[in-house]
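K.L.:
I have a structure here, written as structure tokens, and I will follow up with some questions on it.
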Amino acid sequence: MVKLRSKYAEKQWNETFNLVRRCMDKSTSGFGLASNQPLLGCLEGLQKALNVTSLTAMATRLETIAKQKGLGSHQSPTEPTCYITSDMFYLEVLMEPSGEVLDVKVAHHGEAPVTCEELIKLLRLKNFEDFSKKLEGLSSLYHIHGDSETKIKTYLALQSLETDLMKMSRFPRPVVNTNPRIDAILHGRVGNLVPRREGNPMSIEYFITPYDQLEEQMMPGLSCYGNKVLVTVDGTIILHKLPVASLIEDSQQVENERASLFRGLDGAVSMDLPACFFLKFPEPFPILTSFIENIQRLTGSVIFCPYRVAVLENPDSILLGHASTNN
């Protein structure tokens, strides 16, 4: 530090500032070694402090975010486009020469790129923190042990489950409440489904309090969010038989009602994979052990919780929470 201070003591501030800018614009691809991590951390701090006002600055910031999330990145040699890549998906960020974001497309393995309005909005607002969280959510879809083929099949299993849940949510039923969302929560087959989008998993809103229902009726335009769970798939040590195609085949008339036909988990539509479906609570949630036992008895499925479980004073209840340092 003494040598640096003496070296630049006689230089103008603008000259030093421009030098820092030029260093910031250089690729950080050579900083992968552990010994370079302190320097990389300083560069990341500087990037957060500087305004992104050019194509190079935007590409550098995206490169840094990708590196933080363990993803690759590169720029197109022929057009102002930056790619954030992994084995299973990629993001395509199309920009103006000035660095203004024009479009952001997301493409999962084997799928065509789809424009993502939410990611476009975040980058235009320079909200890199939330953009980073969305990127982490996309990466979490593939946190499965195994090679690329295993991850692809696990992703197909998640898609199959989501497809069947959406089909179930559209089963015919009497309409009780004039508010479609509240009616789906209270009287729907699976609750109010919100499809997976960008880095957000599919969610099921399964309960809303009477007070919140009344508040929505009294104040049109107000949305009071109820309890929900997230539909995800995570890696496991042992193999589980998961569907890789939709199990709901068709529907037929049974006693004046439409009844759907479900296929069994045979070899044609299922596969043994080191993964399992999970319903994740966004926050720790108290639940009776007898309730879990009833679910297991009625469904014939073994329910296990890979997250932290805290036993409360009541020996018949446990607290389920996500396995993170915050909960």
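The values are calculated or read from the model by the stated rules, or taken from the named source; none is laboratory data. Quantities reported herein were computed from a predicted structural model and do not represent experimental measurements. Neighbour counts run over all protein chains shown; Cβ positions are idealised from the backbone, glycine included. Ligands, DNA and RNA are excluded from the accessible area calculation, which covers all protein heavy atoms including side chains. Shrake-Rupley method; radii C 1.70, N 1.55, O 1.52, S 1.80 Å.
K.L.:
Have a look at 141, 135 and point out the one that is in contact with a Phe, Trp or Tyr (Cβ under 9 Å, 6 or more places away or on another chain) and in contact (Cβ under 8 Å) with a residue 24 or more places away in the chain.
P.N.:
Matching residue, one of 141, 135: 141.
K.L.:
While we're here: Where in the stretch 54-145 are there strands (runs of 3 or more DSSP E), lying fully within it, with 2 or more residues that are open to solvent by less than 40 Å² (accessible area, probe 1.4 Å) and either closer than 21 Å to residue 196 by Cα or in contact with a strand residue (DSSP E or B) (Cβ under 7 Å, 6 or more places away or on another chain) (or both)?
P.N.:
The qualifying strands (runs of 3 or more DSSP E) are 81-85, 89-95, 101-108.
K.L.:
Can you tell me which residue within the stretch 179-219, out of those that are of a type in the set (Val, Ile, Thr) and in contact with a Gly (Cβ under 8 Å, 6 or more places away or on another chain), is most open to solvent (accessible area, probe 1.4 Å)?
P.N.:
Here the answer is 209.
K.L.:
Right, here's the next one. Would you check if there is a residue in the stretch 220-236 being of a type in the set (A, V, I, L, M) and farther than 25 Å from residue 172 by Cα?
P.N.:
Looking for residues that are of a type in the set (A, V, I, L, M) and farther than 25 Å from residue 172 by Cα, one finds at least one in the stretch 220-236, hence yes.
K.L.:
If a residue has to be more than 28 Å from residue 91 (Cβ to Cβ) and assigned to a loop (DSSP other than H, G, I, E, B) to count, how many in the stretch 163-217 make the cut?
P.N.:
The qualifying residues number 16.
K.L.:
Specify the residue that is surrounded by the fewest Cβ atoms within 10 Å (Cβ to Cβ); the eligible residues are those in the stretch 260-280 that are touching a Leu at 6+ places or on another chain (Cβ under 6 Å) and modelled with pLDDT under 85.
P.N.:
Among those residues, the one meeting the criterion is 262.
K.L.:
Can you name every residue in the stretch 164-178 that is open to solvent by less than 60 Å² (accessible area, probe 1.4 Å) and touching a strand residue (DSSP E or B) at 6+ places or on another chain (Cβ under 8 Å)?
P.N.:
Correct list: 164, 165, 166, 168, 169, 171.
K.L.:
Any idea which of (1) over 30 Å from residue 53 (Cβ atoms); (2) without any contact (Cβ under 8 Å) to a residue 40 or more places away in the chain; (3) of a type in the set (Asp, Glu) is the one residue 164 doesn't satisfy?
P.N.:
Result: residue 164 passes all but (2).
K.L.:
Cβ-Cβ under 9 Å, sequence separation 6+ or interchain: first residue in the stretch 281-304 and free of Cβ contacts under 8 Å to residues at least 24 places away in the same chain, partner outside any helix (DSSP H, G or I) and aromatic (Phe, Trp, Tyr). Which pairs?
P.N.:
none
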